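Okay, so here's the structure we're looking at.
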Amino acid sequence: MKHFLDLAHWSTSDVHALIDLALELKHQWKNGGNPPLLKGKVLGMIFQKPSLRTRVSFEVGMQHLGGHAIYLSPNEIGLGKRESIADVARVLSGYVQGIMARVFEHDHVVELAQWANVPVINGLSDDHHPCQALADVLTIREHFSRTQGLKWAYIGDGNNVAASSLIAAAHFGMHFVTATPNEFRIPTRIAESAQALLQANGATFEQVERPEDAAKDADVLYTDTWISMGQEGETAQRERIFADYQINQALLQQAKPGAIVLHCLPAHRGQEITDEVADGPQSAIFPQAENRLHAQKALLVKLMAEVV
Ligand code: CP
Ligand code: NVA
């Protein structure tokens, strides 16, 4: 059974094939619609955290493909509390042909996959956000018509989004640079999981502290919230620590003239990104958000088309 828990567990050729399929499905959708490749199939969606993009894009994506999605809210099934993760996985496997889960602990999505008899998709864990990274690469590929050799700079917290961006950049031959405070770097074990891919694909990874050093000559500038879901108790401290880690017009001027700005959203305007940049001519944040739909449709087809 193939799952999608983090990008490091997929081969580079499989991830490239996903993006190719996403481009094809997007083109098809914009020109009359997709064939019902998932007719009669159901995706179960477990959410332990809030969501706009992930929930709606998966639900709409299943509809585009002739299938259906069921939303299970944070209080509904009490993953690991009302019922063990192993039991939830085995019960759901009898009803649905795929499970998407947004969790706190990454191990919980791993455990779901261990027990499920259907594919499990990580819709964000504390460690990874691989669905987001697919949409990001799709957006970069559409804009530049290539990925190899581009410089992708990530400014802010070395969180789940940063981690998945690194692994995606490694698959697509990019030069990935993070600017984070030293104690908020991408965790070493995740950076290590990208090493072989970086080498195999002519990609590089560098971690610096000053945003200007990362942004210099970048093709892509990326940021995310300073305070991820579950870290609300650290808000005051994080706002202090990350105050200089903002994508604003001055930072954007360090990047290449043709650079694009990405943000996974939700944005905290005035914190990690200014209105001027988020709504400016170099912003690709709304096409990027739309691409969640197209990238995930490719993922759903790859994982669920064969499941009965
Ligand atoms: N980017 C993203 O995952 O958005 P949601 O939290 O709204 O799903
Ligand atoms: N890093 C953020 C991403 C939100 C889509 C979080 O985990 O809350």
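Per residue, how much accessible area does the chain have with a 1.4 Å probe, in Å²?
Solvent-accessible surface per residue comes out at 41 Å².
How large is the charge dipole for the chain, taken about the Cα centre, if only the Cβ atoms of Lys, Arg (+1) and Asp, Glu (-1) carry charge, to the nearest 20 debye?
Result for the chain is approximately 960 debye, rounded to the nearest 20.
Counting DSSP beta bridges with both partners in the chain, what percentage is antiparallel, nearest 5?
If we restrict to bridges inside the chain, about 0 percent are antiparallel.
What does the C-alpha gyration tensor say about the overall shape of the stretch 173-290? Classify as rounded when a/c is under 1.5, otherwise prolate if a/b is larger than b/c, or oblate.
It comes out oblate by the Cα gyration axes.
With all protein chains present, how much of the accessible area of the chain (probe radius 1.4 Å) comes from carbon and sulfur, to the nearest whole percent?
Carbon with sulfur: 50 percent of the solvent-accessible area.
Would you compute, from DSSP H runs of 4+ residues alone, the mean residue ellipticity of the chain at 222 nm, taking -39500 (n - 2.57) per run and dividing by the full residue count, rounded to the nearest 500?
Computed mean residue ellipticity for the chain: -12500 deg cm²/dmol.
Against the empirical 2.2 N^0.38 Å scaling, what ratio does the C-alpha Rg of the chain come to?
With N residues counted in the chain, Rg over 2.2 N^0.38 Å equals 0.96.
For the stretch 1-77, compute the orientation-averaged projected area of the C-alpha convex hull (one quarter of its surface), in nm².
Result: a mean projected hull area of 6.4 nm².
Determine the alpha carbon to alpha carbon distance for each of Lys39/Lys81; Lys39/Lys302; Lys49/Lys81; Lys2/Lys39; Lys2/Lys41; Lys41/Lys297 and list only those over 22 Å.
Over 22 Å apart, Cα to Cα: Lys39/Lys81.
Quick one: helix 285-304 against the long Cα principal axis of the chain, what's the angle to the nearest 10°, folded into 0 to 90?
Once rounded, one gets 40 degrees.
Peptides 67-77, 232-242, 89-99: what's the order by average Cβ count within 10 Å, highest mean first?
In descending order of packing, they fall as 89-99, 67-77, 232-242.
Positive end of the dipole of the stretch 63-127, charges at C-beta (+1 Lys, Arg; -1 Asp, Glu), about the Cα centre: which of Leu79, Val118, Gly94 has its Cα farthest in that direction?
Gly94
Can you tell me which of 46-56, 29-39, 288-298 comes out highest on packing, and rank the rest after it, using the mean Cβ neighbours within 10 Å?
288-298, 46-56, 29-39
Determine ³J(HN,Hα), in whole Hz, for all residues of the stretch 102-110 in sequence, where each value follows from phi through the Karplus function 6.51 cos²θ - 1.76 cosθ + 1.60 and θ = phi - 60°; x replaces Gly and Pro.
So the Karplus estimates, Gly and Pro as x, are 10, 10, 7, 6, 4, 4, 5, 6, 5 Hz.
Could the peptides 153-166, 269-282, 110-123 be put in order, highest first, of the mean number of other beta-carbon atoms found within 10 Å of their residues?
Order by mean packing, descending: 153-166, 110-123, 269-282.
So if each residue of separation counts as 0.36 nm, and I subtract the Cα-Cα distance between Ser11 and Ser73, what length gain in nm does that give?
19.1 nm
Take Glu290 and Ser84, extend 7 Å from each Cα along the Cα→Cβ direction, and tell me the distance between the two endpoints in nm.
Label at Glu290, label at Ser84, 4.7 nm between them.
For the pair Val307 and Arg189, how long in nm is the line joining their label points, each one 7 Å along Cα→Cβ?
2.6
The values are calculated or read from the model by the stated rules, or taken from the named source; none is laboratory data. Computed from a prediction, not measured in an experiment: that's the story for all the values here. FYI the Cβ positions are ideal-geometry reconstructions off the backbone, even for glycines, and counts take in every protein chain you see. The protein model used for the area step is the full one, side chains on, heavy atoms only, and it has no ligands, DNA or RNA in it. Shrake-Rupley method; radii C 1.70, N 1.55, O 1.52, S 1.80 Å.
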